Amino acid sequence: MTDTTSWFDGVARDARRYSIVFLHLGAAFASCRADLESTGAALVTVDDYLDGTSGCGEESLLIIDQIERCIENKKLRLGDLRSRVMTDVDENSKRIVLISSRARSAFPRTIGSDLLTNAKHCFIKSDSDQGTSPAENSISHPDWPAGDLEQLLIQCVNELSTGTVVDIGSLIWDLGLSPNETIENLTPVDVEALRSSGLIEVVDSGKPSWTISSRWKMFRSAVATAASTHATSSEWLSDAFVDLWFIERQVRNVFRTALIAKYANNWRSASVNGVSEEELVARAKRDAAPRAERVEDLRDPLEWLTTSELLDLREARSLGELGIEAFLWTKMRNEILPIRNRIAHMRIVSERDALTVSTWRKIVQKKLQ
């Protein structure tokens with residue numbers, strides 16, 4: 001695809017200038033990995049580097065490969081890696097190249113100084129000025145049978161963070177945007193990740209462009225496959241679930257109090273909204289109350305309403321604002337329900353979703369009464 005000096009010299013130059021650099025060397029750049037042995041730098045895996053089983057040699061330039069192992073193996077801590085790297089830089093005058101098969105944004109954030117965030121991010125430049133990138137060359141390579149092109153793109157997408165997969169999936173599939181519209185709506189973090197994976201290149205003007213625009217249909221299919229088969233729970237998923245649980249229970253508690261204040265002993269029948277009493281009782285009987293015959297037999301009918309039915313109850317029974325302005329109730333409904341549905345159907349939940357839910361938890365905790 002390209003000779004060693006045409007891509008690694010720039011990486012080595014940045015390493016000498018910035019001391020620590022990060023390079024995403026994924027499926028699109030698989031042929032570059034064969035060049036690592038001939039760069040003249042010391043080459044170790046992150047496992048050997050951290051347990052000290054492999055010497056770093058006398059070379060001033062040190063390549064630490066397989067950094068993605070810090071995602072896969074909890075015993076390999078980024079904090080420990082940072083401590084060792086900083087010692088080699090400060091005390092041994094080493095210049096470090098961190099190489100990963102995963103995008104930088106796919107790594108968990110660390111408390112305090114973040115090694116990967118602070119490292120200079122390097123990108124492998126295009127082979128020439130003819131507008132083709134290493135990724136384009138890879139998926140055009142004669143060694144790749146036609147049936148494997150989509151598989152390569154799936155590998156490229158799988159190297160990205162959960163958040164980036166969610167973002168591009170939403171733009172391409174949910175909103176149905178064109179290639180140009182999609183790239184215009186990507187976040188800087190997503191552009192960086194897609195660029196490092198070889199799917200985007202940035203020309204001298206600084207404007208990003210797709211390297212796979214001629215294979216857009218295949219790329220859309222790869223994004224769909226990668227998103228559907230994603231089976232690693234995000235670090236923020238449990239927090240999002242707990243926050244949703246708190247919000248819904250708090251809303252129920254306040255609604256229950258308001259219903260009792262307004263309807264006294266008839267509050268249970270007043271809880272039926274958006275569904276027949278028979279259906280509400282049937283829901284409870286199928287799960288936890290097999291002997292229930294009427295809504296009055298249910299300990300808490302509110303528990304058997306869907307979130308949408310529950311939120312509709314406030315206006316249907318004229319319960320008032322309950323400490324939260326009407327426009328905020330509408331906004332919360334529009335933002336919370338889609339996220340709750342994603343979790344209920346075991347779809348991918350993004351970090352942005354988790355942040356949205358966390359914000360609403362704080363609002364509910366502070367204002368709902």
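Values quoted throughout were computed directly from the atomic coordinates according to the rules given, and no laboratory measurement underlies them. The model shown is predicted, which means the values in this text are computed figures rather than measured ones. Here Cβ is always computed from backbone atoms with ideal geometry, including for glycine, and neighbour counts include all displayed protein chains.
Which entries of Lys75/Lys120; Lys262/Lys362; Lys262/Lys285; Lys75/Lys367; Lys74/Lys94; Lys262/Lys367 have Cα-Cα distances beyond 32 Å here? Going by Cα-Cα distance, Lys75/Lys367 fall outside the 32 Å limit. Shape class of region 237-367 from the Cα gyration tensor (axes a ≥ b ≥ c, square roots of the eigenvalues): oblate, since a/c reaches 1.5 or more and a/b does not exceed b/c. Other residues with beta-carbon under 13 Å from the beta-carbon of Ala42 carry, at +1 per Lys or Arg and -1 per Asp or Glu, a net charge of -4. Using a cutoff of 8 angstrom between alpha carbon atoms and counting only pairs six or more residues apart, the relative contact order for the chain works out to 15 percent. Once every Cα of region 4-122 carries one equal point scatterer and solvent is ignored, give the base-10 log of I(q)/I(0) from the Debye formula at q = 0.09, 0.11, 0.14, 0.20 Å⁻¹, two decimals. For region 4-122 at q = 0.09, 0.11, 0.14, 0.20 Å⁻¹, log10 I(q)/I(0) is -0.21, -0.31, -0.52, -1.16.
Calculated mean residue ellipticity at 222 nm for the chain: -15500 deg cm²/dmol, from DSSP H runs with n ≥ 4 weighted as -39500 (n - 2.57), summed, divided by the residue count and rounded to 500.
Measuring nothing but alpha carbons in region 134-229 and taking Rh as the Kirkwood radius, the Rg to Rh ratio lands at 0.94.
Note on the chain: GNM, Cα springs under 10 Å; of Leu160, Leu199, Leu355, the largest mean-square fluctuation is that of Leu355. Debye-formula intensities of region 241-285, expressed as log10 I(q)/I(0) at q = 0.17, 0.26 Å⁻¹, are -0.61, -0.96 (one equal scatterer per alpha-carbon, no solvent).
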